[in-house]
Amino acid sequence: MNILKTIGICFALIVMVSCKEKPASNETVNNPQEEVELSNDINRIEPPNWWVNLKNPKLQILVKHPNIGEYTPEVNHQGVTLKEFHKADSPNYLFLDFEISDAAKPGQFNIHFKKENEEDLVQTYELKERKKGGEAYNGFDSSDAIYLITPDRFANANSTNDVFDNLNEKTINRDDDYARHGGDIQGITEHLDYIDTMGFTAIWPGPLLINDMPQGSYHGYAITDYYKVDPRFGTLEEYKSLSEEMKKRNMKLIMDQIANHCGLEHWWMTDLPFKDWVNYQEHYEENEDNWNWQTTKTSNHRRTVNQDAYASNIDKQQLSDGWFVSSMPDLNQRNPFMANYIIQNSIWWIETLDLGGIRQDTYPYPDKDFMSDWAGAIMNEYPNFSIVGEEWSYNPLLIAYWQEGHKNKDGYDSNLTSTMDFAMKQNIIDALNEDESWDKGLVKMYEGLANDFGYTSPKDIMVFPDNHDMSRVFTQLNGDIVNTKMALSYLLMLPRIPQIYYGTEILMDDFENPGDHGLIRTDFPGGWESDTVNAFEGKGLTEDQKEMQNYLTKVLNYRKNSKAIHEGKTVHFAPKEGVYVLARVLDDETVVHILNKNEDPYTLDLTRFEELGIDNKTLTDVITGETITWGDKLELNTKGSKIVTTKL
């Protein structure tokens, strides 16, 4: 693994841009350790705390306060050395470089900011004890099934936090698909038993940090403070409580993070530390009073330039430097202070929330060398952790490129444990929507899975039928319930990490306006007191919805305990006459998944599958509980999927 280059390279760059004249006070004052009198004179200090005994002893603190650049910091605490400090282009920032040695103990200490003829400014800072060592942070893997939630649309358990008069968006309106609806962290916590009983082992909520934007703040992808939970979702304590309650159920919390961009209302946008803190910063500042989609230098979204040997420099620059949209400033990770800020922010949340993984948004857009450093820093600190990056591509070559350890021609190593399998998702949809022929239908799944030879670790790739940015799978499959079951059962059998979007289990759809993001992210019925339908309790659901909920619960709970699915060998047989058979095998457990597209009864010749070694064995149907003897033939009386196993 390519261990964090930022440790060496980034701090070398910092030295280049630091104060040319370093006062003697840049060095540690060797006086007896002071008694700590708590003080909070500084307006903002980030990270708000840190920990002892991390592998990387370096810590860089951002200090924001009027004219703080005119002050000289001093620290006097055992095991804590202030190596140097750096002025920014703005006089209202300092960046302090600390080294936290093994001698440092948990506790508080004061940072003194001194200026001639002025009273000291004093800020108390805390080093905390870690809950556990880095090796004990276990990430998600192929034994997990992930439930993706848009928090604003899942459940509103606390209506008192719906509106805050001091925020830019001051209303909720459930009749407006793009307004806030009131879902919150407590709403997720109170329904953990539902999610757990369904058979999910991990939850990926959309971003829960504050989006103090004037409109569209519900989705969470325009963060305006990287260390603050959006109060409309709840508090930091409630976020911690969610993680703790999940741990009690052996579930993992995955945090949705965004290193590519922030929200235009981020606190630093009114006073940027450096002239290159965000990309196209000068252009933004020149046009700030008339800022809109027409004046914005947006990304070209040509993500293939990351791999394209022929890509022009201008195309590469426009991808990585262009803003995603006008309301999302593009962060410049080539600025070494920004790079440290993002890396430390991720580590802070891992430690604070005891995370089981990170999902990184818009992965191919930031500076890709930085993204390798970012992932490398995390994986160096937490070697058993998991990170999945969003690469929206239907090209397996691009999906493979971003996974750690892949032998890329350009020598690039992402340090990223998992990528997203948009290619397989599309193959599944096409296979089930198309009529069977030589090159259409189920062969799309078969040949799509055959592409696994190109992946470094297929079982660590995340597969899904849909997500928060695309039409619901039920809509993509034209409202065909049988095909929806086939899609879900197939992806849950694959050597992959499956992710399923909330509401899939009750056939939520976006038929009214396919692809519309606000509609895709519809409220989960039962999450609001006034709802007449309650899917958490099964009240008011149609028979089809109940059947799908029951079906998915059975498949997920079987999968939860199936070692063959988690880590077994995969064997599949080319589709023939509208039937595609895939098996997962480990020791005495063989799981056979049969997809049948025939509308009429069909007799499947089982002699073709002799190599599975289950002749004359008794297998149990995962859904019905019925048993069969694996003999010469199997009657498939209806179209659909069938899952049978030697071990139930």
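The values are calculated or read from the model by the stated rules, or taken from the named source; none is laboratory data. Here the structure is a predicted model, which is why all the values come from computation and not from measurement. Backbone-built Cβ (ideal geometry, glycine too); neighbour counts: all protein chains shown. Surface accessibility is based on the protein's heavy atoms, side chains included, excluding ligands, DNA and RNA. Shrake-Rupley method; radii C 1.70, N 1.55, O 1.52, S 1.80 Å.
Residue by residue, here is whether (1) open to solvent by less than 40 Å² (accessible area, probe 1.4 Å); (2) small (Gly, Ala, Ser); (3) touching a strand residue (DSSP E or B) at 6+ places or on another chain (Cβ under 6 Å); (4) within 30 Å of residue 130 (Cα to Cα) holds:
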site: 387; (1), (2), (3), (4): yes, no, yes, yes
site: 390; (1), (2), (3), (4): yes, no, yes, yes
site: 396; (1), (2), (3), (4): yes, no, no, no
site: 411; (1), (2), (3), (4): no, yes, no, no
site: 436; (1), (2), (3), (4): no, no, no, no
site: 440; (1), (2), (3), (4): no, no, no, no
site: 459; (1), (2), (3), (4): no, no, no, no
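Would you point out which residue out of 540, 527, 568 is within 30 Å of residue 185 (Cβ to Cβ), among the small types (Gly, Ala, Ser) and touching an Asp or Glu at 6+ places or on another chain (Cβ under 9 Å)? Step through it out loud before you land on a result.
Working: 527 fails: touching an Asp or Glu at 6+ places or on another chain (Cβ under 9 Å); 568 fails: within 30 Å of residue 185 (Cβ to Cβ).
Being within 30 Å of residue 185 (Cβ to Cβ), among the small types (Gly, Ala, Ser) and touching an Asp or Glu at 6+ places or on another chain (Cβ under 9 Å) holds for just one of 540, 527, 568, which is 540.
To keep it simple, each residue is scored yes or no on (1) at pLDDT below 95; (2) under 20 Å from residue 220 (Cβ atoms); (3) among the small types (Gly, Ala, Ser); (4) buried (at least 18 other Cβ atoms within 10 Å of the Cβ).
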{"residue": "305", "(1), (2), (3), (4)": "no, no, no, yes"}
{"residue": "308", "(1), (2), (3), (4)": "no, no, no, no"}
{"residue": "314", "(1), (2), (3), (4)": "no, no, no, no"}
{"residue": "325", "(1), (2), (3), (4)": "no, yes, no, no"}
{"residue": "335", "(1), (2), (3), (4)": "no, no, no, yes"}
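Hey, any hits in the range 131-139 for a residue that's among the aliphatic types (A, V, I, L, M) and open to solvent by 20 Å² or more (accessible area, probe 1.4 Å)? Walk me through how you get there before you give the answer.
Step one: of the range 131-139, the residues among the aliphatic types (A, V, I, L, M) are 136.
From what is left, the residues that are open to solvent by 20 Å² or more (accessible area, probe 1.4 Å) are 136.
Yes, there is a match, as at least one residue in the range 131-139 is among the aliphatic types (A, V, I, L, M) and open to solvent by 20 Å² or more (accessible area, probe 1.4 Å).
Could you please give the count of residues in the range 192-237 that are open to solvent by 10 Å² or more (accessible area, probe 1.4 Å) and of a type in the set (Gly, Ala, Ser)?
Residues meeting the conditions: 1.
With the range 556-624 as the region, which strands (runs of 3 or more DSSP E) entirely inside it contain at least 1 residues that are among the acidic types (Asp, Glu) and open to solvent by less than 30 Å² (accessible area, probe 1.4 Å)?
Answer list for the range 556-624: 589-596, 618-621.
In the range 59-103, how many are within 28 Å of the chain's Cα centre (by Cα) and surrounded by fewer than 17 Cβ atoms within 10 Å (Cβ to Cβ)?
Initial filter on the range 59-103 (within 28 Å of the chain's Cα centre (by Cα)): 59-62.
From what is left, the residues that are surrounded by fewer than 17 Cβ atoms within 10 Å (Cβ to Cβ) are none.
Adding up the residues that qualify gives 0.
Quick one: residue 469 ticks every box in (1) part of a loop (DSSP other than H, G, I, E, B); (2) within 21 Å of residue 643 (Cα to Cα) except a single one, so which number is it?
Tallying (1) part of a loop (DSSP other than H, G, I, E, B); (2) within 21 Å of residue 643 (Cα to Cα), residue 469 fails exactly one: (2).
Which residues, taken from the range 369-388, are among the hydroxyl-bearing types (Ser, Thr, Tyr) and not in a helix (DSSP H, G or I)? I'd like the intermediate steps shown before the answer.
Filtering the range 369-388 down to residues among the hydroxyl-bearing types (Ser, Thr, Tyr) leaves 372, 382, 386.
Within the range 369-388, 382, 386 meet the criteria.
For residues that are in contact (Cβ under 8 Å) with a residue 24 or more places away in the chain, outside any loop (DSSP other than H, G, I, E, B) and of a type in the set (Val, Ile, Thr), tally how many sit in the range 140-187.
Residues meeting the conditions: 3.
So which of 275, 247 ends up being open to solvent by 20 Å² or more (accessible area, probe 1.4 Å), over 30 Å from residue 399 (Cβ atoms) and in a loop (DSSP other than H, G, I, E, B)? Give the derivation first.
Values: 247 fails: in a loop (DSSP other than H, G, I, E, B).
Criteria check complete, one pass: 275.
For residue 289, only one of the following conditions fails: (1) farther than 15 Å from residue 325 by Cβ; (2) crowded, with 16+ Cβ neighbours inside 10 Å. What is its number?
(2)
Could you list, in sequence order, the residues of the range 480-495 that are open to solvent by 10 Å² or more (accessible area, probe 1.4 Å) and either hydrophobic (A, V, I, L, M, F, W, C) or farther than 23 Å from residue 637 by Cβ (or both)?
Once the filter is applied, which keeps residues that are open to solvent by 10 Å² or more (accessible area, probe 1.4 Å) and either hydrophobic (A, V, I, L, M, F, W, C) or farther than 23 Å from residue 637 by Cβ (or both), the range 480-495 yields 481, 482, 495.
Return the pairs, sorted by first residue and then second, in which the second residue is surrounded by fewer than 17 Cβ atoms within 10 Å (Cβ to Cβ), the first residue lies in the range 512-534 and is among the polar types (S, T, N, Q), the beta carbons are less than 7 Å apart, and the residues are 6+ apart or on different chains.
If the second residue must be surrounded by fewer than 17 Cβ atoms within 10 Å (Cβ to Cβ), the pairs left are 532/540; 534/540.
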